[in-house]
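S.K.: Structure incoming, see below.
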Amino acid sequence: NGNETKIIQKMVTEVIEVGTGGVSDYIGKLSGYGPDCPGCSKTGNVACHTKNGGKHSLIYDGEYYQDEQYGKVRILAAARSKFPCGTIVEINKPGIAPFYGIVLDSGGSMVTAWKERNMVWMDLAYSSQAAAKVGGIAGNNIHFKVKRWGW
């Protein structure tokens, strides 16, 4: 009659994470690339649009992206079927200070590694292929911790 309140089920509080995805910790391979890599866009454009729908060029905008939540982060290429555009990853390698990267690009090797072997392989953007070769961060057994899944 509108005068009674009946509780059907008690409220359950839960934490909702930004984005969706599986386990957030991975061990994998990290390599480097520049906008002048074989098979890369002549303009250096990354595969993903930015959060506001714009384009980002490694040549004109650089290898960093200004994220509204995480600040200035390095650009990563990854298998986007596993790590969607905008995914923030903390990268840890012994001897190097941990840093954040954002998935804004993809590459055939990373896609194949994930699809065929369930292997996580990420590629860190540099200003050029030459800079990528002397970056010193690349290697195996790199710890990747997803902090945010996609935009």
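S.K.: For LYS42, go through the lysines and keep the ones whose alpha-carbon is under 18 Å away, minus same-chain ones fewer than eight residues off.
M.R.: LYS55
S.K.: Please work out the Cα center distance from segment 87-140 to segment 40-74, rounded to the nearest Å.
M.R.: Segment 87-140 and segment 40-74 have Cα centres separated by 15 Å.
S.K.: Say a site is exposed when it is one of the trypsin sites (Lys or Arg not before Pro), sits in a DSSP loop, and has at most 11 other Cβ atoms within 10 Å; what is then the longest site-free stretch of the chain? Let's see the in-between values first.
M.R.: Numbers: sites that count: LYS6, LYS10, LYS42.
My reading of the result: 43-151 is the longest stretch.
S.K.: Moving on. Counting only residues 5 or more places away or on other chains, whose amide H sits under 5 Å from the amide H of ASP67 once H atoms are built in the peptide plane?
M.R.: The list, which skips near neighbours in sequence, is LYS72, VAL73.
S.K.: Counting pairwise Cα distances across segment 66-147, what percent come out greater than 21 angstrom?
M.R.: 25 percent
S.K.: Then there's this: How much of the accessible area of the chain, probe 1.4 Å, is carbon plus sulfur, in whole percent?
M.R.: So the carbon and sulfur contribution to the accessible surface is 51 percent.
S.K.: If exposed means no more than 14 neighbouring beta carbons inside 10 Å and the site is in a DSSP loop, what's the longest run of the chain without any exposed GluC sites (Glu not before Pro)?
M.R.: Longest run free of exposed loop sites: 69-151.
S.K.: Related question: Would you work out the charge dipole size for the chain about its Cα centre, treating the Cβ of every Lys and Arg as +1 and the Cβ of every Asp and Glu as -1, and quote it to the nearest 20 debye?
M.R.: 200 debye
S.K.: Add +1 for every Lys or Arg and -1 for every Asp or Glu among the other residues with Cβ under 15 Å from the Cβ of ALA130, and state the total.
M.R.: Neighbour charge sum, excluding ALA130 itself: -1.
S.K.: Let me ask something additional. Over the chain, what lengths in whole Å, largest first, do the semi-axes of the equivalent ellipsoid take, defined as the square roots of 5 times the eigenvalues of the alpha-carbon gyration tensor?
M.R.: Three semi-axes, in Å: 36, 18, 14.
S.K.: While we're here: For LYS147, list the lysines whose Cα falls under 16 Å from its own Cα; do not include residues on the same chain fewer than 8 positions away.
M.R.: LYS72, LYS82
S.K.: Are there chymotrypsin sites (Phe, Trp or Tyr not before Pro) in segment 37-138 that DSSP puts in a loop and that have at most 14 other Cβ atoms within 10 Å, and which ones?
M.R.: Answer by residue number: TYR60.
The values are calculated or read from the model by the stated rules, or taken from the named source; none is laboratory data. Keep in mind it's a predicted model, so treat the numbers as computed, not measured. Note that we place each Cβ from the backbone using ideal geometry, even for glycine, and neighbour counts take in every protein chain shown. With ligands, DNA and RNA removed, areas are computed over all heavy atoms of the protein, side chains included. Shrake-Rupley method; radii C 1.70, N 1.55, O 1.52, S 1.80 Å.
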